[in-house]
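Asker: Got a structure for you, written out below as structure tokens; questions coming shortly.
The values are calculated or read from the model by the stated rules, or taken from the named source; none is laboratory data. As the structure is a computational prediction, the values presented were derived from the model and not from experiment. Note that each Cβ is placed from the backbone with ideal geometry, even for glycine, and that neighbours are counted across all protein chains shown. Ligands, DNA and RNA are stripped out before the accessible areas are found, and what is left, the full protein with its side chains, is counted by its heavy atoms. Shrake-Rupley method; radii C 1.70, N 1.55, O 1.52, S 1.80 Å.
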Amino acid sequence: MNKIDYKHKAKQFLFIALGVLIMDVGYYFFYSPANLVAGGVTGISIILKPVLDMINMPQSIFLYIIEGVCLILGLILLGKDFFFKTVLASLLAPTYVLIFEQICAQEVILNTVTQNKLIVALLCGSILQGVGIGICLKNNGSTGGLDVIQKSISKYLHIPYSFAMFGTDWIICILSGFSFATPISYNFEYTLFGIISVYFAAYIIDVITLNARSRRTAYIITSKPEEVKEAIYKNIGRGCTESDVRGGYTNQDKVMLICVLNKTESYKLGEFIKSVDDQAFTFFTTTREVVGDYANKPKP
């Protein structure tokens, strides 16, 4: 591994550590004090909070135990590669919670909220969880915990990972309704808010991991490819790919230029393309993710 690879790995580790920290802020200061369960091992710790208080066990210690068990299962069921990708987040998550427990109470933020504490907890907790998990996944990391169980279910039962992930989170959310109610009742409010939080966090994860790299792709069908390419190079500094095409109705041979742009550049392209070829047919599509160095500008 060369020096550049080490720097890249170190950068990934730093971002994973940051992502886990953001996740734990959402859990410790919003989800837990509001008794809001949104799946995962942190959700289990919130469900069992009355029991943990009874035996005088801090949530951080419980998280160390369950994360450790999941790590061992991951090593056995999913192999060394998954283990090494997971170990950092699995150790950092309870460590951050342990530090928070020594510094301040969970209620320090929500106690300043006078109304709708559950909604505030849902919004803030979901955003922080989504951003934190998104940062971890974007940097080739795992969030640990139930990720092991979910991937094992997907692998050995041959079902899509998304089903395994949402299925386990839904079960935990449903169980939370029994945890914060009297023995003969069910608190549907906690379940509903938990499920909404799962979906909200999942949306934010998708934005972080995919839409952050989303772009617009322009398809320009023209009979003046050289002039259009020169205009693209001059005005927005992007390269393009060209392909020979033929009109289905006219049977005329033309060239289709394909160019990946950001949103601002796509607006500029639409403005100047007509001045170059007013007969050009141009359409745009949203590209969810771009892999590779698309930003290289053509050499002069």
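Asker: Which residue, GLN12, GLN106, GLN252, tops the fluctuation ranking in a GNM of the chain built on C-alpha contacts under 10 Å?
Answerer: GLN252
Asker: Sticking with the crude label model, points 7 Å out along Cα→Cβ, report the distance from ILE174 to THR264 in nm, one decimal please.
Answerer: Label-label distance for ILE174 and THR264, simple model: 4.9 nm.
Asker: Just one of (i) 0.96; (ii) 1.12; (iii) 1.00 is Rg/Rh (Cα atoms, Kirkwood Rh) as worked out from the coordinates here. Which one is it?
Answerer: Label of the calculated value: (ii).
Asker: I'm checking a number: the convex hull volume of the Cα atoms of the stretch 113-177, normalised per residue, in Å³. What is it?
Answerer: Considering the Cα atoms of the stretch 113-177, their hull volume per residue is 102 Å³.
Asker: Dipole of the chain (Lys/Arg Cβ +1, Asp/Glu Cβ -1, origin at the Cα centre): which of GLY40, THR264, TYR186 lies farthest to the positive side?
Answerer: THR264
Asker: Between PHE272 and ASN187, with labels modelled 7 Å along Cα→Cβ, what's the label distance in nm to one decimal, could you check?
Answerer: Each label point lies 7 Å from its Cα, and together they span 6.0 nm.
Asker: Out of ARG238, ARG246, ARG216, any idea which swings most in a Gaussian network model of the chain, alpha carbons joined below 10 Å?
Answerer: Judging by the Gaussian network model, the answer is ARG246.
Asker: In whole angstrom, note down how far apart the Cα centers of the stretch 17-60 and the stretch 61-116 are.
Answerer: 8
Asker: Any idea what the dipole of the stretch 1-158 comes to, in debye rounded to 20, about its Cα centre with Lys/Arg Cβ at +1 and Asp/Glu Cβ at -1?
Answerer: For the stretch 1-158, the charge dipole is close to 580 debye.
Asker: Straight-line reach from LYS254: which lysines have Cα under 20 Å away, leaving out those fewer than 8 places along the same chain?
Answerer: The reachable lysines, counting only those whose Cα sits under 20 Å from LYS254, are LYS224, LYS229, LYS274.
Asker: Give the list, by residue number, of cysteines in the chain with no other Cys Cβ closer than 4.7 Å, or say none.
Answerer: CYS70, CYS104, CYS124, CYS136, CYS173
Asker: I would also like to ask the following. Cross-link candidates for LYS151: which lysines have Cα within less than 17 Å, leaving aside residues fewer than 8 places away along the same chain?
Answerer: LYS80, LYS85
Asker: Describe numerically, in nm with one decimal, the distance between label points set 7 Å from Cα along Cα→Cβ at LYS11 and at TYR156.
Answerer: Each label point is offset 7 Å from its Cα along the Cβ direction, giving 3.8 nm.
Asker: Take the Cα coordinates of the stretch 26-94, assign each an equal point scatterer, and use the Debye formula without solvent to give log10 I(q)/I(0) at q = 0.11, 0.12, 0.24 Å⁻¹.
Answerer: For the stretch 26-94, the Cα-only Debye profile gives -0.29, -0.34, -1.03.
Asker: Working out 0.36 nm times the residue gap between THR112 and LEU77, then minus their Cα-Cα distance, what length gain in nm do you get to one decimal?
Answerer: Contour length minus Cα-Cα distance gives 8.1 nm.
Asker: Sorted by accessible area with a 1.4 angstrom probe, largest first, how do LYS263, LYS229 fall?
Answerer: Putting LYS263, LYS229 in descending order of accessible area: LYS263, LYS229.
Asker: Nearest 500 deg cm²/dmol is fine: what mean residue ellipticity at 222 nm does the chain get from its DSSP H runs of n ≥ 4 alone, each adding -39,500 (n - 2.57), divided by its residue count? Could the numbers behind the result be given before it?
Answerer: Numbers: 11 runs with 181 residues, N = 300.
About -20000 deg cm²/dmol.
Asker: Hey, what angle do you get for helix 161-179 against the long axis of the chain, alpha-carbon based, 0 to 90 degrees rounded to 10?
Answerer: Approximately 30 degrees, to the nearest 10.
Asker: When the label point is put 7 Å from the Cα of THR287 along its Cα-to-beta-carbon vector, which residues of the stretch 215-243 have a backbone N closer than 19 Å?
Answerer: The answer is 215-222, 228-243.
Asker: Relative contact order, percent, of the chain when contacts are C-alpha pairs under 8 Å separated by at least 6 residues?
Answerer: About 20 percent, as a whole number.
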